[in-house]
1. When the chain is treated as a GNM, springs tying every alpha-carbon pair under 10 Å, which of 27, 49, 77 comes out with the largest mean-square fluctuation?
2. Would you kindly derive the ³J(HN,Hα) couplings of segment 108-113 from the backbone phi angles with the Karplus curve 6.51 cos²θ - 1.76 cosθ + 1.60 (θ = phi - 60°), listing them in order in whole Hz, with x for Gly and Pro?
3. Kindly flag which residue pairs out of 71/153; 45/132; 12/132; 72/132; 14/132 have an alpha-carbon separation exceeding 24 Å in this structure.
4. Please compute the modelled spin-label separation between residue 4 and residue 150, points set 7 Å along Cα→Cβ, answer in nm with one decimal.
5. For the chain, modelled as a GNM with alpha-carbon contacts under 10 angstrom, which of 26, 58, 114 fluctuates the most?
6. Using the per-residue mean of other Cβ atoms lying within 10 Å as a proxy for protection, in what order, highest first, do the peptides 115-127, 28-40, 87-99 fall?
7. How many angstrom lie between the Cα centre of segment 1-79 and the Cα centre of segment 95-154?
8. Can you give the % of DSSP beta bridges in the chain that are antiparallel, to the nearest 5?
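The values are calculated or read from the model by the stated rules, or taken from the named source; none is laboratory data. Keep in mind that this is a model prediction, so the values were computed, not measured. Every residue, glycine among them, receives a Cβ derived from its backbone with ideal geometry; neighbour counts consider all protein chains shown. These accessible areas exclude ligands, DNA and RNA; they are computed on the full protein's heavy atoms, side chains included. Shrake-Rupley method; radii C 1.70, N 1.55, O 1.52, S 1.80 Å.
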Amino acid sequence: MTTIIEGDFSGKGKKIGIAASRFNDFIVGRLVDGAVGTLVRHGVKDEDITIAWAPGAFELPVVVKKMAESKKYHAVIALGCVIRGATPHFDYVAGEAANGIGMVGLNSGVPVLFGVLTTESIEQAIERAGTKAGNKGADAAMGALEMINLMEKL
Ligand code: INI
């Protein structure tokens, strides 16, 4: 018989670290609100959520690393927003954020979620921060709960 292992979305007793970047905080604030609201609605206590603010998405990997290595959190969620139209070094900032954050997940074994928007325009960012394309912070929070519960079963 096939063995299927899946994570559910229970947040009871879970501690979550959020690393968020202030650059484009008009957008990132909405991602943080979406993530926190989703976590709390799934049973995570307010006091078990810690939010650390970095200046920009480029700085997120080292913050995520320190949070993951602290072993204080069951998962770490990275939230940020890099907009191509706003910067000639989009590819460097977005690329470093994605590579660095991904490496932390692999090296630490702690579930690390990538909730960094990388968009062509501010309109696309707004669409993903609580308007017509949902809220990617909320999506990352769901992913964090699913990964925590999956990892506990593996
Ligand atoms: N940081 C972002 O998070 N988003 C951006 O769109 C962005 N732009 O446009 O440049 C940005 N730049 C700052 C970068 O993340 C660093 O904070 C900065 O380069 C200092 O290291």
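1. Highest fluctuation of the listed residues: 49.
2. Rounded to whole hertz, the list is 8, x, 8, x, 10, 10.
3. Values: 71/153 18 Å; 45/132 28 Å; 12/132 30 Å; 72/132 34 Å; 14/132 30 Å.
Checking Cα-Cα distances, 45/132; 12/132; 72/132; 14/132 exceed 24 Å.
4. So the two model labels end up 1.4 nm from each other.
5. Between 26, 58, 114, it is 26 that shows the largest mean-square fluctuation.
6. 28-40, 115-127, 87-99
7. Taking the Cα centre of each part, segment 1-79 and segment 95-154 sit 9 Å apart.
8. Details: 2 of 21 bridges.
Rounded to the nearest five, the antiparallel share is 10 percent.
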